[in-house]
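Data block below; observations after.
What follows draws every value from the coordinates through simple rules; no lab data is involved. Remember, it's a predicted structure, so these values are computed and weren't measured experimentally. Positions of Cβ are generated from backbone atoms using ideal geometry, with glycine treated the same way; all protein chains shown enter the neighbour counts.
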Amino acid sequence: MTELCEVVIPAPDSDWLRRFTRELVDRRLCSSVHNFSPVHSIYRWQGEVHERTEGRASLHTRRELVAAIVEHAKDRHPYQIPGISARPIYDGNPDYYLAWIAEQTEPPHA
């Protein structure tokens with residue numbers, strides 16, 4: 001079976017994040033996205049603790065596509081270093097959801 005994962009991407013602008021994640025689905029880099037906003041983030045960056053309101057996206061995809069998602073984000077993301085992370089999907093509904101993620105992320109046949 002294809003290794004699947006959830007990818008999490010935060011961004012300072014929820015509208016930008018919605019457009020960006022729509023592009024990822026259009027490119028078949030992920031099957032679906034859940035966008036959450038507002039998310040209150042607290043983090044340490046460059047020696048200081050920051051608090052801000054962000055958007056957060058949760059993507060479902062193949063593990064082999066994570067590097068392409070990261071590269072795509074590096075070119076477009078408003079943060080200097082986008083905080084992108086991936087978590088394995090170990091289980092779920094194999095009759096629908098898991099097979100659907102794999103099917104929707106297949107590159108289109110030429």
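On a 0 to 90 degree scale, rounded to 10, what angle separates helix 66-76 from the longest Cα axis of the chain?
40 degrees
Could you grab the relative contact order for the stretch 4-104? Cα pairs under 8 Å, six or more apart, rounded to a whole percent.
Rounded, it is 41 percent for the stretch 4-104.
When the helices in the chain are scored as -39500 (n - 2.57) per DSSP H run of 4 or longer and the sum is shared across all residues, what 222 nm value do you end up with, to the nearest 500 deg cm²/dmol?
Per the formula, -8000 deg cm²/dmol.
Can you tell me the orientation of helix 14-26 relative to the chain, as the angle in degrees between its alpha-carbon axis and the longest Cα principal axis, to the nearest 10?
With both axes taken from Cα atoms, the answer is about 20 degrees.
Hey, if you put +1 on the Cβ of every Lys and Arg and -1 on every Asp and Glu Cβ in the chain, which of Ser32, Ile84, Ala102 ends up farthest toward the positive end of that dipole?
Farthest towards the positive pole: Ile84.
For Ser85, Ser14, Ser37, what ranking results if the residue with the fewest other Cβ atoms within 10 Å of its Cβ goes first?
Exposure proxy ranking, most exposed first: Ser85, Ser37, Ser14.
Using only the alpha carbon atoms of the chain, find the Kirkwood hydrodynamic radius as the inverse mean reciprocal pair distance, in angstroms to one decimal.
This gives a value of 14.6 Å.
Mark the label point 7 Å from the Cα of Asn93 along Cα→Cβ and return the residues of the stretch 58-78 whose backbone N is within less than 20 Å of it.
58-62
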